[in-house]
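Have a look at the structure below before the remarks.
The values are calculated or read from the model by the stated rules, or taken from the named source; none is laboratory data. Since we're looking at a predicted model, the values are computed, not measured. Methodologically, a virtual Cβ is constructed for each residue, glycine included, from the backbone with ideal geometry; neighbour enumeration extends over all protein chains shown. The accessibility values were calculated without ligands, DNA or RNA, using every heavy atom of the protein model including side chains. Shrake-Rupley method; radii C 1.70, N 1.55, O 1.52, S 1.80 Å.
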Amino acid sequence: MRIVFKTNYMQDIRPWKDGFQLGLYLALLAVVAAAPWWLDDFYLGELTNVLIWAIAGLGLMVLTGHTGQVSLGHAAFLAFGCYANVILLEAGVPFLIAFPLAGVLTGIAGVTVAIPALRLHGIYLAIFTMALSILMDDVIVLAEPLTGGVGGKFIGGVDIFGLTIDRWGTPVQFFWLVLGVTVLVTLGYINLLRAPLGRSFIAVRDSEVSAQAMGVDIARTKMISFALSCAVTGWAGALMGMFSSAFNNETFSVVISIQLLMMIVIGGLGSIHGAFLGAVVIGFLPQFLSISKEYVGALFGGNTVAIPGLEFGIFGMILIAFILFEPMGMYGRWLKIRTWFELFPFYRQDMFKRQKSYLKTERLR
């Protein structure tokens, strides 16, 4: 067991517990950054896709995991960021300006949505955001002069300091671009949780009545949470558009919103690690199923049979299993395993006992 002795209050709010933990994160970052040297182009593309999903998961985690506002409409903000980025690029705006601006515009759109949604809670907010995601499909079709309608849009390579970066032509450079955005978003998220604003998010999630009693402006906190969440999701949408190259109104369907919510629940709500662990499941599970079907077909000497709905069925069973047996997600399970090794033989099973009732203050709603 490692025991960290703290000698000042600043050690309680630093991003990492000690130098050993920082070293582990830097080693992991070095291994991922060196992926082009130990992965082929196919798996490098899959890893890039996982990182993009992780950025989108971080965006939803701000709103759902740390502010407690359930959203099933983040596919709409993925689409908004994607189309905003490509429209700005077509207008001649450099990528280094168009990409951040696409996130800012998506954040402004999130604030617009947050205004009527401020008084909604739980399932009502989820229904409202899902309706927004469904409505976005029609908006893209009706705004054909800007979005291309059903025909969609195509985005090729982007120029950064004279270097052309394209998902298909230069996959290594595109991977490093996505990795850089992922690192910047993650560092920003870590520092957000250390700031008073991030602590306000958590207070609102745990109990709005108690947070209001402590002086937290509930409406302002939720609005800022919507804005930051949508901005990060908009950047993920812009990268998704560059990853797929071609997209239309059907690319960002409501199924994407459901997958995003499933991703952070499976990974672990309320933790940055959960967004990355859930992204690994969402990103690699379809390829794992495809490869498994080929092996099964070769093993039994038959052709691979396409089973409609297999992927979503597996996703659903995994989600149900986590909700029933591990509500804290993959990261929660890892915390329990780590605590067991640290405290053995003094570990007690009820250390992570699940709360089965609401706070008394929440009964006033």
- Message: Per DSSP helix of 4 or more residues, -39500 (n - 2.57); summed, then divided by the residues of the chain. What does that give at 222 nm, rounded to the nearest 500?
- Response: -22500 deg cm²/dmol
- Rounded to the nearest 10 Å², the accessible area of Phe20 at probe 1.4 Å: 110
- Message: If packing is taken as the average count of other Cβ atoms within 10 Å, what order do 63-71, 29-37 fall into, highest mean first?
- Response: 63-71, 29-37
- Taking the Cα centre of segment 178-280 as the origin and placing charges on Cβ (Lys, Arg +1; Asp, Glu -1), which of Ile272, Gly198, Phe247 is farthest toward the positive end of the dipole? Gly198
- Message: For a protection proxy built on the mean count of beta-carbon atoms within 10 angstrom, sort 183-193, 42-52 highest first, please.
- Response: 42-52, 183-193
- Query: What does the charge dipole of the chain about its Cα centre add up to, to the nearest 20 debye, if the Cβ of each Lys and Arg holds +1 and the Cβ of each Asp and Glu holds -1?
  - Reply: 1680
- Shape call, segment 100-150: gyration tensor on alpha carbons, a/c limit 1.5: oblate
- Farthest toward positive dipole pole in the chain [+1 Lys/Arg, -1 Asp/Glu at C-beta], among Leu22, Trp37, Ala91: Leu22
- Largest to smallest accessible area among Arg167, Arg199, Arg333, Arg194 [probe 1.4 Å]: Arg199, Arg333, Arg194, Arg167
- Message: Could you compute how much accessible surface Asp138 exposes when probed at 1.4 Å, giving the result in Å² to the nearest 10?
- Response: 80
- Query: Rank Tyr331, Tyr124 by accessible area, highest first, at a 1.4 Å probe radius?
  - Reply: Tyr124, Tyr331
- Task: Could you list the square roots of 5 times each eigenvalue of the Cα gyration tensor of the chain, that is, the equivalent ellipsoid semi-axes, sorted largest first and rounded to whole Å?
- Result: 32, 27, 23
- Rounded if a/c under 1.5, otherwise prolate or oblate - segment 39-135, Cα gyration tensor axes: oblate
- Per residue accessible area in Å² of segment 1-81, where ligands, DNA and RNA are left out and the probe is 1.4 Å: 49
- Message: Using 0.36 nm times the number of residues separating Ile123 and Ile320, minus their current alpha carbon distance, what extension gain do you get?
- Response: 69.1 nm
- Lys293, Lys6, reordered so the largest accessible area comes first (probe 1.4 Å): Lys6, Lys293
- Message: Using a 1.4 Å probe on the protein heavy atoms only, what accessible surface does Met223 show? Give it in Å² to the nearest 10.
- Response: 60
- How much FRET efficiency would the formula 1/(1 + (r/R0)^6) give for Leu39 and Ala213, where r is the Cβ-Cβ distance and R0 is 41 Å, rounded to 0.05? 0.20
- How big is the gap, in Å, between the Cα center of segment 139-156 and the Cα center of segment 49-111? 17
- Query: Quick one: with all protein chains in place, what share of the accessible area of the chain is carbon or sulfur, to the nearest percent (1.4 Å probe)?
  - Reply: 69
- Note on the structure: For Ala131, placing the label point 7 angstrom along Cα-to-beta-carbon and taking segment 99-120, residues whose amide nitrogen sits under 19 Å are 110-120
- Ordering of 265-278, 81-94 by burial proxy (mean other Cβ atoms within 10 Å per residue, highest first): 265-278, 81-94
- Task: Obtain the radius of gyration and the Kirkwood radius of segment 143-236 from its C-alpha atoms and give Rg over Rh.
- Result: 1.16
- Query: What shape does segment 1-65 take by its C-alpha gyration tensor, where a ≥ b ≥ c are the square roots of the eigenvalues and a/c under 1.5 counts as rounded, a/b above b/c as prolate, and the rest as oblate?
  - Reply: oblate
